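The values are calculated or read from the model by the stated rules, or taken from the named source; none is laboratory data. In this text, all values refer to a predicted model and were calculated from it rather than measured experimentally. Cβ atoms come from the backbone with ideal geometry, glycine included; neighbour counts cover every protein chain shown. Each accessible area value is taken on the protein alone, full model and side chains, heavy atoms only, with ligands, DNA and RNA left out. Shrake-Rupley method; radii C 1.70, N 1.55, O 1.52, S 1.80 Å.
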There are 2 protein chains.
Amino acid sequence: MKQILLSLSPLILLIISSLSYSTMGQTTPKHDGRLTNLKVNEQRILSRINELAKIGRDEKGRGYRVAYSQGDVEGRAWFIGLMKKAGLEVSIDAGGNIIGKRKGKNPSLKPIAFGSHIDMVPDGGNYDGTLGSITALEVIEVLNENKITTDHPLEVLIFQNEEGGLVGSRAMTGNLPKEILSQKSTSGLTFGEGIKALGGNPDKLSEAIRKKGDLAAFLEIHIEQSKVLETRKIDVAIVEGIVGISDWDITVTGMANHAGSTPMNDRQDALIAASKLVLAVNEVVNSYEGAQVGSVGKMSVLPGAPNVIPGKVTMSLQMRDLSQEKVMKMFADIEKCASQIAKETRTEIVFEHLRSSMSTIASQEIQEKMMATAKSLGLSYIKMQSGAGHDTQEMGKLGPVGLLFIPSKDGISHNPIEYSSPSEMAKGANVILHTVMLLDGNIQKP
Amino acid sequence: MKQILLSLSPLILLIISSLSYSTMGQTTPKHDGRLTNLKVNEQRILSRINELAKIGRDEKGRGYRVAYSQGDVEGRAWFIGLMKKAGLEVSIDAGGNIIGKRKGKNPSLKPIAFGSHIDMVPDGGNYDGTLGSITALEVIEVLNENKITTDHPLEVLIFQNEEGGLVGSRAMTGNLPKEILSQKSTSGLTFGEGIKALGGNPDKLSEAIRKKGDLAAFLEIHIEQSKVLETRKIDVAIVEGIVGISDWDITVTGMANHAGSTPMNDRQDALIAASKLVLAVNEVVNSYEGAQVGSVGKMSVLPGAPNVIPGKVTMSLQMRDLSQEKVMKMFADIEKCASQIAKETRTEIVFEHLRSSMSTIASQEIQEKMMATAKSLGLSYIKMQSGAGHDTQEMGKLGPVGLLFIPSKDGISHNPIEYSSPSEMAKGANVILHTVMLLDGNIQKP
């Protein structure tokens with residue numbers, strides 16, 4: 001209970017329960033009666049997930065729709081075909097993102113956008129990103145079938161190279177540094193070459209930038225990538241925010257020496273100090289209430305021979321939380337522990353702060369509408385932080401965002417065995433569909 | 001006090017004190033009156049140490065008398081020149097070792113041998129091995145100058161490639177596996193090519209083998225390679241034995257997972273388990289009385305990214321002690337801790353035993369004669385285990401051995417800054433000189 005924030009406040013629950021689904025918000029909703037009957041087509045979602053899964057393989061037959069690879073290009077072409085069939089006006093922005101537009105009744109309104117990505121890590125799975133992309137298209141299909149035109153224009157956004165570090169969404173927010181264009185991506189192409197291969201224009205990246213306020217909202221649905229929902233048998237998680245990530249490099253310096261002739265009490269063993277520090281990090285992070293995480297994922301022991309006492313250890317420290325203040329408090333505690341450990345072990349411990357990305361807080365209004373939607377659809381839900389990064393975190397810089405998680409089997413992702421069931425996907429997609437409708441009916445008109 | 005065994009028993013001290021230097025042992029000593037006056041030539045030792053230090057450099061000017069290198073070949077030629085000048089009958093055995101013989105009065109007696117090695121690690125220092133080699137020659141020089149002929153024949157033994165794993169001494173004891181001949185040594189040559197370059201014959205290695213009992217004794221003097229003597233301001237350490245070394249590989253298997261989305265209490269972090277185990281090894285080894293050591297010198301953390309929870313850690317475990325029984329007891333304790341840690345951390349910990357070398361116990365008689373010698377020379381001494389390997393440990397398979405340590409500045413070795421002072425070297429050399437004399441006068445005649 002300490003790690004997962006179940007912070008749905010009783011007050012909000014009360015408000016939701018006391019309001020009927022159709023009377024929430026500021027203006028009269030337009031789609032009240034019809035809303036609860038609209039349902040996504042579970043079979044269509046599943047068959048499209050399976051169809052896309054066939055596109056992009058490496059020489060060993062493993063999934064390889066890595067950004068800019070042939071599989072990625074083919075997957076995008078297949079997806080663009082479906083978008084066009086669904087009547088969307090498709091374009092590729094200078095950053096290589098696919099944008100599919102659907103007109104609204106009121107062209108002066110800002111678009112409500114939703115989507116995700118279809119690139120994958122090498123040997124990845126068939127749900128990460130693709131779920132959000134295919135369900136975004138599903139929302140359009142359902143609206144088409146029911147001949148619904150929203151007030152707001154709608155946009156399906158398929159970001160390029162999410163796995164390579166939110167490359168497409170960073171291009172859209174203007175946060176993609178030019179230097180990256182000449183660097184190699186996982187595909188082997190540079191990012192610049194890759195963007196070109198997707199139909200973007202790396203020389204005119206600034207044309208891809210959208211201004212703050214350009215979108216009325218951005219919604220994404222994603223697999224959870226941990227097993228909280230699965231373990232608790234909960235249908236969906238309404239994400240309160242995407243954590244900020246802070247990274248440090250740590251260097252522990254002792255004294256390399258002969259592991260035979262150096263008596264135990266004469267040693268300055270950098271690995272003893274590093275081991276104490278690994279455990280201290282874990283203890284400090286666990287000592288706080290909340291969903292924060294802290295990890296030492298990388299460690300290198302030098303000189304690294306069985307008969308030499310380690311003289312130097314380099315290691316990583318990464319902490320994530322919605323609150324940067326909490327992260328800095330934990331770091332101060334860890335520094336205090338490190339100073340004590342250095343003294344005890346006669347070593348030196350030095351921290352180098354590498355970077356801290358800010359957290360993205362999901363829009364309160366969208367969270368509330370997702371909760372109301374889940375409730376009226378009879379789905380169970382919790383609130384949760386997202387410990388992993390998603391395109392939503394970049395979109396949060398342009399306007400209000402919402403992120404929804406559905407269960408991932410065994411919490412596994414970035415792996416061919418990642419899995420979410422058709423009904424789990426459909427439940428999540430229905431929440432997105434109805435949240436879009438509710439937003440369309442309720443967002444304050446200018 | 002726990003780590004260093006100061007086990008000179010009061011009983012032995014009493015015996016030594018109550019015997020005059022010249023009346024120890026079974027037969028009447030031959031050199032009683034003269035003995036205490038014999039002294040090595042400190043200046044000669046120093047100038048030879050300095051001269052040898054000039055031979056063998058790499059392209060950056062660093063010491064490079066690595067076995068089989070040009071520097072090694074030149075150093076040996078220089079040394080053989082001095083041996084011949086000192087009247088020794090010099091030969092190279094099939095294993096590439098240099099043997100310098102001096103006749104005794106009684107050709108039916110087994111030779112008393114002493115020596116060490118002159119090869120070094122890359123960028124090594126000027127005392128490791130060379131001290132034992134040059135002081136062995138010094139013993140001969142002093143006997144020559146004083147026109148002393150011992151009863152026993154004497155042999156100066158300069159073993160090849162000690163640093164590469166006691167290669168020469170293993171050839172002499174018949175413990176050098178043939179497979180090694182085709183393997184690359186540090187010099188770049190294979191061991192077979194290297195032995196040939198030194199004048200040995202790798203095709204007839206068996207000719208280098210000496211039978212058990214072939215030598216009356218083997219003595220070696222070496223720098224301590226730790227700072228016990230220096231710290232306690234003690235002149236020499238009489239080595240009780242060279243520890244056995246036991247090696248294991250340890251594999252800790254957890255579950256690699258996303259370091260952002262996996263809650264703290266859902267993790268199976270292999271590095272947390274490995275860190276606990278590193279500390280447990282240290283605690284177990286420190287919980288025993290004695291000079292045993294235990295080290296984790298090598299560790300590899302997989303997959304090894306700041307944003308991935310470690311799924312696998314491989315690490316080394318090495319323990320050393322004179323008593324293999326104690327090592328196995330410590331290992332059993334460590335296994336018990338590991339099983340507890342595996343349970344707590346939901347990981348699997350597997351130990352693979354790689355090898356255990358047996359310890360070599362120094363001859364009680366030689367230890368006692370070294371003590372008596374040190375005492376009568378007015379030198380302070382302690383007993384000590386050798387945690388590092390030396391050619392003496394191989395020679396122990398052929399007959400009685402004795403090993404003496406002198407102080408190493410800051411305990412540093414295998415390093416150009418390793419240092420022992422001229423007077424420290426001379427004190428040690430005098431102990432060897434007089435121990436040889438005492439052994440010669442006291443070893444039971446057949």
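Some notes on this structure:
- Test: residue in the range B:48-60 that is surrounded by fewer than 19 Cβ atoms within 10 Å (Cβ to Cβ), modelled with pLDDT of 95 or more, closer than 20 Å to residue B:427 by Cα and of a type outside the set (A, V, I, L, M, F, W, C): yes
- For the range B:349-359, filtering for residues that are surrounded by 14 or more Cβ atoms within 10 Å (Cβ to Cβ) and over 25 Å from residue B:291 (Cα atoms) leaves 1.
- Taking the listed residues B:98, B:92, the one that is of a type in the set (Val, Ile, Thr), open to solvent by less than 30 Å² (accessible area, probe 1.4 Å) and over 17 Å from the mean Cα position of the chain (by Cα) is B:98, with no other qualifying.
- Every residue from the range A:287-297 that is open to solvent by less than 40 Å² (accessible area, probe 1.4 Å) and either touching a residue at least 60 places away in the same chain (Cβ under 8 Å) or within 7 Å of chain B (Cβ to nearest Cβ) (or both): A:290, A:291, A:293, A:295, A:296, A:297
- Sole exception among (1) within 11 Å of another protein chain (Cβ to nearest Cβ); (2) in a strand (DSSP E or B) for residue B:305, by number: (2)
- Looking only at the range A:163-193, and only at residues there that are assigned to a loop (DSSP other than H, G, I, E, B) and in contact with a Ser or Thr (Cβ under 7 Å, 6 or more places away or on another chain), the one that is nearest to residue A:40 (Cα to Cα): A:164
Residue-wise test of (1) away from every other protein chain (no Cβ under 14 Å); (2) modelled with pLDDT under 95; (3) open to solvent by 10 Å² or more (accessible area, probe 1.4 Å).
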residue: B:364; (1), (2), (3): yes, no, yes
residue: B:368; (1), (2), (3): yes, no, yes
residue: B:376; (1), (2), (3): yes, yes, yes
residue: B:388; (1), (2), (3): no, yes, no
residue: B:391; (1), (2), (3): yes, no, no
residue: B:401; (1), (2), (3): yes, no, no
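- Wholly within the range A:327-446, helices (runs of 4 or more DSSP H) carrying at least 3 residues that are over 28 Å from residue A:110 (Cβ atoms) and touching a helix residue (DSSP H, G or I) at 6+ places or on another chain (Cβ under 9 Å): A:422-442
- Residue selected from the range B:244-272 under the condition open to solvent by less than 10 Å² (accessible area, probe 1.4 Å) and either more than 10 Å from chain A (Cβ to nearest Cβ) or among the aromatic types (Phe, Trp, Tyr) (or both), by the criterion farthest from residue A:245 (Cα to Cα): B:244
- Screening residue B:343 against (1) under 28 Å from residue B:163 (Cβ atoms); (2) out of contact with any Ser or Thr (no Cβ under 7 Å at 6 or more places or on another chain) leaves a single unmet condition, (1).
- The combined condition, being more than 23 Å from the chain's Cα centre (by Cα), open to solvent by 40 Å² or more (accessible area, probe 1.4 Å) and either of a type outside the set (Ser, Thr, Tyr) or farther than 23 Å from residue A:79 by Cβ (or both), is not fulfilled by residue A:163.
- Meets criteria (of a type in the set (S, T, N, Q), open to solvent by 40 Å² or more (accessible area, probe 1.4 Å) and not in a helix (DSSP H, G or I)) for residue A:300: yes
- Qualifying positions in the range A:308-322 - under 18 Å from residue B:309 (Cα atoms), more than 7 Å from every other protein chain (Cβ to nearest Cβ) and under 24 Å from the mean Cα position of the chain (by Cα): A:317, A:319, A:321
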